[in-house]
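The values are calculated or read from the model by the stated rules, or taken from the named source; none is laboratory data. Remember, predicted model here, so these are calculated numbers, not experimental data. So basically every Cβ, Gly included, is an ideal-geometry build from the backbone, and we count neighbours across all protein chains shown.
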Amino acid sequence: MIKNIFKESLELYNDYMSRTQPDYWEYYGFEKRRFQIESLIKSINHNFNFEKLITLETGVSSDPRDGIFGLFLGFATEKTNGLMFGVDINEERIEKSKFLFKEIIPDLNYLTYNNDSIKFLETTEIIPNLVHLDSWDLDIKNPFPCALHGWREFIAIESKMPSGSIIIVDDNYINGTWVDWHYSNGTVERITIQYPIIGKGANIYHYVLNDSSKWKLIGDHYHIHDNIKIIIQKQ
């Protein structure tokens with residue numbers, strides 16, 4: 001049932017994006033988001049059997065040109081009569097996100113918090129079963145700060161989540177993937193990833209591969225591809 005809800009939510013997401021973004025079916029940035037959503041849907045298994053989604057996103061979705069992955073999560077959350085929470089340190093993004101979600105999914109129970117994501121996760125009483133970590137932009141020339149931030153977010157929330165819960169971590173590149181990195185002066189550098197993985201979830205990825213972890217990697221999309229989301233599930 002929950003898998004069908006995600007599939008229906010992808011249809012709603014595609015419908016909204018194609019109506020508002022003229023190049024939705026041509027622009028690679030949007031294709032990348034569709035790939036990420038489809039990877040999540042394929043990863044969902046019978047252990048993720050929550051009747052109501054309690055969704056939490058760090059780094060709120062606010063700009064359609066970024067693909068607003070959180071909007072897809074919002075559609076799915078609303079379909080289960082669930083709750084969605086967003087936290088962001090930038091007040092302007094918070095206001096844009098609230099307006100966007102109210103306009104597109106008016107019946108969604110969506111609450112936002114203007115706060116540092118790590119401090120918020122450390123003290124929150126929210127018990128989410130679906131978390132999207134996306135609050136620190138990846139700098140591919142210096143990927144370590146965002147990986148550390150993603151790790152600290154994970155540590156802050158993972159023990160509060162029930163068995164079967166899923167965490168999604170944005171912006172990761174597998175070894176061998178090449179990326180055209182655009183600089184502000186207009187130049188472009190093609191970079192091939194030399195590490196096993198870099199991105200917001202790099203530390204989480206390695207931790208979860210350890211047999212002692214309470215989490216496991218799910219999905220079959222961990223291959224050379226431009227920008228993947230790491231998806232893990234609590235045992």
Output for segment 116-162, where each listed residue is in contact with a Ser or Thr (Cβ under 9 Å, 6 or more places away or on another chain) and under 29 Å from Tyr16 (Cα atoms): Ser117, Pro128, Asn129, Leu130, Val131, His132, Leu133, Asp134, Ser135, Trp136
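Given Phe69, Phe48, which one is touching a helix residue (DSSP H, G or I) at 6+ places or on another chain (Cβ under 7 Å) and within 13 Å of Met17 (Cα to Cα)?
Phe69
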Test: residue in segment 196-210 that is part of a strand (DSSP E or B), in contact with a helix residue (DSSP H, G or I) (Cβ under 8 Å, 6 or more places away or on another chain), farther than 18 Å from Gln36 by Cα and not basic (Lys, Arg): no
Pairs, first small (Gly, Ala, Ser) in segment 218-230, second buried (at least 19 other Cβ atoms within 10 Å of the Cβ), C-beta under 7 Å, six or more apart: Gly219/Ser39; Gly219/Ser43; Gly219/Ile231
Residues that are closer than 22 Å to Gly219 by Cα and not in a helix (DSSP H, G or I), drawn from segment 19-42: none
Every residue from segment 90-117 that is closer than 21 Å to Gly201 by Cα and either under 16 Å from the mean Cα position of the chain (by Cα) or crowded, with 18+ Cβ neighbours inside 10 Å (or both): Ser117
The listed residue being polar (S, T, N, Q) and surrounded by 19 or more Cβ atoms within 10 Å (Cβ to Cβ), out of Ser159, Ser184, Ser135, Ser163: Ser135
Some residue of segment 207-218 being under 24 Å from Tyr28 (Cβ atoms) and surrounded by 13 or more Cβ atoms within 10 Å (Cβ to Cβ): no
Qualifying positions in segment 185-233 - more than 16 Å from the chain's Cα centre (by Cα) and of a type in the set (Asp, Glu): Glu189, Asp211, Asp220
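Given the residues Ile168, Ile193, which is the only one that is modelled with pLDDT under 95, buried (at least 18 other Cβ atoms within 10 Å of the Cβ) and closer than 21 Å to Leu138 by Cα?
Answer to the check: Ile193.
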Residue ID - farthest from Gly86 (Cα to Cα), chosen from residues in segment 142-186 that are among the aliphatic types (A, V, I, L, M) and not in a helix (DSSP H, G or I): Val179
Pick from segment 132-151, criterion under 19 Å from Asp63 (Cα atoms) and of a type in the set (A, V, I, L, M), ranking: farthest from the chain's Cα centre (by Cα): Leu138
Positions within segment 11-56 being closer than 30 Å to Gly164 by Cβ and among the hydrophobic types (A, V, I, L, M, F, W, C), in sequence order: Leu12, Met17, Phe35, Ile37, Leu40, Ile41, Ile44, Phe48, Phe50, Leu53, Ile54, Leu56
Criterion: buried (at least 21 other Cβ atoms within 10 Å of the Cβ) and touching a strand residue (DSSP E or B) at 6+ places or on another chain (Cβ under 9 Å) - qualifying residue of Phe72, Phe85: Phe85
Close pairs from segment 1-13: first under 16 Å from Phe69 (Cα atoms) and modelled with pLDDT of 95 or more, partner outside any helix (DSSP H, G or I) and of a type in the set (Phe, Trp, Tyr), Cβ under 8 Å, at least 6 apart: none
Residue pairs meeting the criteria (Cβ under 6 Å; at least 6 apart or on separate chains; first within 19 Å of Leu53 (Cα to Cα) and in contact (Cβ under 8 Å) with a residue 40 or more places away in the chain, in segment 94-114; second part of a helix (DSSP H, G or I) and charged (D, E, K, R)): Thr112/Lys98
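In this structure, is Asp170 more than 21 Å from Tyr28 (Cα to Cα) and of a type in the set (Asp, Glu)?
In short, no.
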